[in-house]
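Here's the structure, in structure tokens; my notes come after.
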Amino acid sequence: MNTMNPKHAAELLFEGPLAEEYGMLAVICPPAAEISRRVGEYVGGWAPPYPAASLNLLEIGSGTGITTACLLASRQDTLIESVDNAPAMQTQARHNLTAALAAKRLRLIERDALSHLREMPDASIDVVASAYTLHNFLHGYRQNVLKEILRVLKPGGLFVNGDRYALDDAAEHLKSTQEEVRHYFRVFTELKRPDLLEQWVIHLFSDESEEHIMRLKPALDMMADTGFANTRLHFRNGVNALVSAVKPA
């Protein structure tokens, strides 16, 4: 019998039209592409505090490969293993990243993040990077993922996350969310895609639920409590933010 706490379980949130037409994210959330670019740039400008001929990087949530492409472009000395549990996303990523796959700079793995992390050796990864993935996790699952990220990072290794971090001011966050919904209605009405409107609104409700919502200060506190050091906010545009932390050396 499976006795796992549901709050610590993996979910499959991207399937059907939402996953098959995930490129629509660029239309309904233009800052998302900028966050992916910033994740890549941050990794590109980072130097490990130890000798390293190349960097082993784990990406949590490859999606369709948008952030993966930014990471690949950021530096040539990086070998990337990218994990995602949505088959439709993996199919698109394989199509979008054929050159990197052929060059063996990239390995795509269809699996949930926590299961994959738990099979990785201690202190085996230089960088863990992610974009728009952790906010989809249930709180307990997210906390376990952070613990495993810390374990698999080498001492001094980097964790960087570009993601949806809810505003700590609840009233301001509500206004922001209401404007998001209005924007969804404008975009999908113009495109005559009520099916996608429904899917994205449902997904937004999931993001905003108490089981999922990732507020900035509690999220940074969780990282610090887990054992990360130098937890920092680098950039914020509404709910879109870039944060980083390191494993203590």
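Bear in mind that the values in this text are calculations on the coordinates, not laboratory data. These numbers were taken from a predicted model, which means no experiment stands behind them. Counting neighbours? That spans all protein chains shown, and the Cβs are built from the backbone with ideal geometry, glycine included.
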Given the C-alpha centroids of the range 119-138 and the range 142-217, what is the distance between them in whole angstrom?
17
I'd like to know how the range 16-81 sits against the 2.2 N^0.38 Å rule of thumb: what's its Cα Rg over that expected value?
1.27
Which number gives the lysine pairs in the chain that have C-alpha atoms under 30 Å apart and are eight or more places apart or on different chains?
15
Between Gln143, Gln178, Gln92, which gets the highest mean-square fluctuation from a Gaussian network model of the chain, Cα cutoff 10 Å?
Gln178
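Taking 20 °C and 1.002 mPa s as the conditions, I'd like the Stokes-Einstein D for the range 159-240 in µm²/s, using the Kirkwood hydrodynamic radius from alpha carbon pairs. Don't skip to the answer; put the middle values down first.
On the way: Rh = 14.3 Å.
For these conditions, the coefficient is 150 µm²/s.
Out of the DSSP beta bridges found with both residues in the chain, what percent are antiparallel (nearest 5)?
Values: 13 of 35 bridges.
The antiparallel proportion sits near 35 percent.
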Return the sequence-ordered ³J(HN,Hα) values of the range 113-122 in whole Hz as given by the Karplus equation 6.51 cos²θ - 1.76 cosθ + 1.60 applied to θ = phi - 60°, using x for Gly and Pro.
4, 5, 4, 5, 4, 5, 9, 8, x, 4
In a GNM of the chain with a 10 Å cut-off on Cα contacts, which of Gly162, Gly45, Gly65 has the highest mean-square fluctuation?
Gly45
For the chain, the longest principal axis of the Cα atoms and the Cα long axis of helix 170-191 enclose an angle in degrees, to the nearest 10, of 70
Just the ratio, please: alpha-carbon radius of gyration of the chain over 2.2 N^0.38 Å, N its number of residues.
0.98
Specify which residue in the list Gly23, Ser124, Ala47 is farthest towards the positive end of the charge dipole of the chain, using unit charges on the beta carbon of Lys, Arg (+1) and Asp, Glu (-1), about the Cα centre.
Ala47
Can you give me the long-range amide H partners of Asn85? Hydrogens built in the peptide plane at 1.01 Å from N, cutoff under 5 Å, separation of 5 or more residues or another chain.
Arg111
In whole Hz, what ³J(HN,Hα) sequence does the range 58-65 give by Karplus (6.51, -1.76, 1.60; θ = phi - 60°), x for Gly and Pro?
10, 9, 8, x, 5, x, 8, x
Please list 3J(HN,Hα) in residue order for the range 214-230, calculated via the Karplus relation 6.51 cos²θ - 1.76 cosθ + 1.60 where θ = phi - 60°; whole Hz, with x for glycine and proline.
10, 7, 4, 4, x, 5, 5, 5, 4, 4, 5, 5, 5, x, 5, 10, 6
In terms of modelled amide H atoms, which long-range or inter-chain residues lie less than 5 Å from the amide H of Gly157?
Lys247
Summing -39500 (n - 2.57) over the DSSP H runs of n ≥ 4 in the chain and dividing by its residue number, what mean residue ellipticity at 222 nm do you reach, to the nearest 500 deg cm²/dmol?
-13500 deg cm²/dmol
Longest principal axis of the chain (C-alpha) makes with the long axis of helix 87-96 (C-alpha) an angle, in degrees to the nearest 10, of 70
